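Read the figures in this text as sums done on the coordinates, not as results from a lab. Since the structure is predicted, the reported quantities are computational estimates derived from the model, not experimental observations. Neighbour counts are summed over all protein chains in view; Cβ atoms, including those assigned to glycine, are modelled from backbone coordinates with ideal geometry.
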Amino acid sequence: MKQKQDILHSMIIEVTMVLLASMVAFQVCNMLGIRMSLIPLVMVIGYVIQKLLYHLCIISARYIVDAIPPSFLISVKKCVSKKAQSLAYSPTSNCEEVQKKRMELFHYEYQREQQQYQWQKEREEDEKLNAILRYTRDTFKRFDLEETEIYQICESVRYFATNRQVLSATEIHIKKHTSLTQISLKNFAWNIAFQYNIGRDMTTSFVMATFAEWFANSTFDTVRKNLRTTTGRHKIEIDENILSKYIV
């Protein structure tokens with residue numbers, strides 16, 4: 001098998017040399033004005049020159065290889081081996097680099113989405129609070145309360161909804177009005193607390209602190225038990241859907 005390969009290799013070289021010699025001979029005859037009948041002679045000369053150069057190159061290559069010390073060849077092999085290993089590991093390093101870039105991109109997009117979500121959430125909370133405050137103003141404008149008293153109720157509602165706590169220290173005192181009953185005020189407090197999922201204890205504290213004169217003679221447990229009244233007709237009814245009426 002190896003012998004056949006050597007023969008084929010030699011034939012390819014010989015054919016290449018003959019073709020190259022014929023091309024060179026034709027060009028030389030054309031440039032120097034030599035008669036066409038002398039082309040075969042020029043081809044032979046060119047072929048001989050190519051063979052001489054071919055064998056000269058082979059001899060020179062063997063001489064150079066023999067002159068190289070074995071230690072140098074070993075070091076070259078080691079260097080080539082290291083480069084091959086680095087190339088073998090390069091896909092892994094490239095993969096890690098790609099993963100790092102993708103992680104950075106994900107982090108950037110995640111942070112941006114979180115900011116947008118936070119802004120959207122804050123905007124929705126503001127709209128919700130504004131709707132609650134409009135409901136509060138509209139509710140108490142129907143009664144004979146002063147403007148400052150309605151303002152104080154709105155401030156108490158704002159603090160209650162925002163902090164889930166009761167605004168105990170108030171500058172404006174809300175006087176008791178006969179047009180408003182305990183049931184109506186408790187229903188109002190429940191309507192606010194329902195929108196924010198605030199518990200009964202905190203809601204009871206809110207209504208008793210905000211409308212203190214109405215509940216001066218009432219106990220905490222009594223108010224807590226009857227915080228929501230749906231039977232009968234009252235000035236302020238239970239309304240679970242106040243947001244849908246005030247948020248456009």
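Structure summary
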item	result
Pair residue 243, residue 213: separation of 7 Å Cα→Cβ label points (nm)	3.4 nm
Estimated vicinal HN-Hα couplings, Hz - segment 216-226 in sequence order (Karplus 6.51, -1.76, 1.60; Gly, Pro = x)	5, 9, 10, 8, 4, 5, 5, 5, 5, 5, 10
Förster radius 51 Å - calculated FRET efficiency between residue 94 and residue 134, Cβ distance, rounded to 0.05	0.30
Contact order relative to length of segment 118-248, as percent, for alpha carbon pairs under 8 angstrom and 6 or more apart	30 percent
Cα gyration tensor category, rounded, prolate or oblate, for segment 169-213 with a/c compared to 1.5	oblate
Vicinal HN-Hα couplings computed from phi for segment 175-191 (Karplus, 6.51 cos²θ - 1.76 cosθ + 1.60; Hz; Gly/Pro x)	7, 6, 10, 5, 6, 10, 10, 4, 4, 4, 5, 5, 4, 4, 4, 5, 4
